[in-house]
Amino acid sequence: MEEQAEQRYREAAEGGDPDAMIQLGWLLQQREDRSEAERWYRRAAEAGHAEGMFRFGGMLQERGESAEAERWSRQAAGAGNVHAMGSVGYVLEERGDLAGAQEWYRKGADRGDAFSMRRGGLLLEQSGRLAEAQEWLRRAADCTGSGQLLAQGDAMRDLARLAVQRGDSAEAERLLREAAARLAKADDVPEKQGYALMADLLTLLASLLRERGESAEAEKFLRWAADNGHAPAMLELGGLLEEQGRPAEAEEWHRRGAEAGHLRSALMLALLLVEQRRPAEAEQWFRQAAEAGVPTAMDFLGTLLEERGDLAEAEQWYREAAEARIDRSMLRLAYLLEKRGTLADALHWYRKSAATGNDWAMVKAGALAGRQGDLDEADQWYEQAAQAGNESGMYLVANLRMNRGELEDAEMWFRRGSAVGNGSCMAMLGILLATRGDVAAGEQWCRRAVDAGVANAVTDMKAVLEAQHGPGV
């Protein structure tokens, strides 16, 4: 049947019928014969056919020839093609002219183009005008007419995403199910694009079902989408199978996603392999994601390399991840730099990590600043760590202030550290109290320190008192 239709359209197109050129181009485009499809769209466009101009402009835009795409799309819009108005808007949006894009989207929307309504809605969302954005997206979702279903489905997916963001998962599920049902009944949607949209809708729906524990239906939807080559579904399915304690199946789907180029799947596969004590296999997938610019993968690859003693390359990957603001990598990079004596660079990265709120980085920054003689900076970092609840920070700021003679502050921090069970704080609090004359209270705290694991606390207290007052105290 299709072969007969193609022959009929070809004969008419070769005879100069622009409508037949469009129909022939459409058939060829569905077969992925894009160069031949484009040739017929061009002929229709050059013959003054508005639909031909629109389709030819779309193909030019897809391959990055935006100036020529805009020229043809504007001609099509001027000739009355409503869909071309959205195409002009999209060209302008891609160029960064958002005001111009919104103007064209408004023109298209006013004439019933669902694509224009959806793109305009997304621009409104980006500018923070959520109520208007949702109104535009609802208009797109309610559009009828030939060629509108894909934009309609996209708009319903966007509305579902917004519903999830505001906590209305029931509305999100309704929208996704309705969009999928409409798409399943359609017979005028390009097969490739229709399958891609259906896979996306079902993957998002499965994610909602998975969250509320309906794993059987979620798995059914994810398998359909994954079997049709949808990489996000492979990732989601792999995660679901991991949750269910089916690691072999999870590995299969993560691997398929990774081999399809999905970087998140590559990362998840690598992590699964690490859990199974297969680091050599994991390294390949960490590298794939890291070399593609995934900061988390850079961090994990750095860890794997550090653990096997390849410190130079570990430092390189930690540095890249740290520059991408991965806090853990900042700390590990600083540690490696300190270890090999590059102290100024180490302190820089300890400070960067500490500035993100990492309390151990605060402690390390304080210690390194103190080693370099800057006790004021050391004191500041130790206090920040202590304020964040770090026991070592409490001990270190108290000890530093005791050595400076700031005994009231020192006692306060020793007490706070003791209250959270830090044995070193208990021991130093005991010594501080004893040296001030309250030997009974000091000994009590030192005995608590012994119970907390500081074996020599009482002995140390007595040694301090003997040094202060002489033997027999």
**OP:** Return yes or no: is E94 of a type in the set (D, E), out of contact with any strand residue (DSSP E or B) (no Cβ under 8 Å at 6 or more places or on another chain) and under 22 Å from R39 (Cα atoms)?
**Re:** no
Log entry, pairs with first residue in region 336-362 being farther than 19 Å from A312 by Cα, second being assigned to a loop (DSSP other than H, G, I, E, B) and of a type outside the set (S, T, N, Q), beta carbons closer than 9 Å, six or more apart or on different chains, reads K352/R325; T356/R325; G357/A388; N358/A388; D359/A388; D359/G389; M362/A388
Subset of region 122-147, residues within 17 Å of V82 (Cβ to Cβ) and in contact (Cβ under 8 Å) with a residue 12 or more places away in the chain, comes to W136, R139, A140, C143, G145, S146, G147
Among A184, A155, A196, the single one that is buried (at least 21 other Cβ atoms within 10 Å of the Cβ), in contact (Cβ under 8 Å) with a residue 12 or more places away in the chain, part of a helix (DSSP H, G or I) and of a type outside the set (S, T, N, Q) is A155
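So that you can scan it fast, the table gives a plain yes or no per residue for (1) hydroxyl-bearing (S, T, Y); (2) at pLDDT below 90; (3) over 25 Å from G389 (Cβ atoms); (4) within 49 Å of the chain's Cα centre (by Cα):
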residue	(1), (2), (3), (4)
G421	no, no, no, yes
D451	no, no, no, yes
A455	no, yes, yes, yes
V458	no, yes, yes, no
A467	no, yes, yes, no
> Does region 66-83 contain at least one residue that is crowded, with 24+ Cβ neighbours inside 10 Å, under 36 Å from the mean Cα position of the chain (by Cα), within 26 Å of C143 (Cβ to Cβ) and of a type in the set (S, T, Y)?
Replying inline: yes
Those residues of region 95-139 which are small (G, A, S) and not in a helix (DSSP H, G or I) amount to G96, G112, S127, G128
Practice item. Inspect all residues belonging to region 409-427 and state whether any of them is under 24 Å from D345 (Cβ atoms), buried (at least 18 other Cβ atoms within 10 Å of the Cβ) and not small (G, A, S). Key: no
Scanning region 75-94 for residues that are more than 12 Å from R55 (Cβ to Cβ) and outside any helix (DSSP H, G or I) gives A79, G80
Quiz item: Based on what the data block shows, is A114 more than 20 Å from F56 (Cβ to Cβ), without any contact (Cβ under 8 Å) to a residue 40 or more places away in the chain and not polar (S, T, N, Q)?
Solution: no
Taking region 1-29 and keeping residues surrounded by fewer than 14 Cβ atoms within 10 Å (Cβ to Cβ) and assigned to a helix (DSSP H, G or I) leaves E2, E3, Q4, A5, Q7, R8, E11, E14
When you scan region 299-319, do you find a residue that is in contact with a Phe, Trp or Tyr (Cβ under 8 Å, 6 or more places away or on another chain) and either aromatic (F, W, Y) or farther than 30 Å from R278 by Cβ (or both), even just one?
yes
Contact list, first residue from region 35-53 and acidic (D, E), second anywhere and in a loop (DSSP other than H, G, I, E, B), beta-carbon distance below 7 Å, six or more apart or interchain, is E51/N81
Exercise. Return a yes/no flag: does region 168-176 have any residue that is closer than 26 Å to T203 by Cβ, in a loop (DSSP other than H, G, I, E, B), at pLDDT 95 or above and out of contact with any Gly (no Cβ under 9 Å at 6 or more places or on another chain).
Key: yes
Checked region 204-230 for anything crowded, with 22+ Cβ neighbours inside 10 Å and within 22 Å of L271 (Cα to Cα); matches are L222, A226, H230
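The values are calculated or read from the model by the stated rules, or taken from the named source; none is laboratory data. Source: prediction; values computed, not measured. Heads up, the Cβs are rebuilt from the backbone with ideal geometry, glycines too, and the neighbour counts pull from every protein chain shown.
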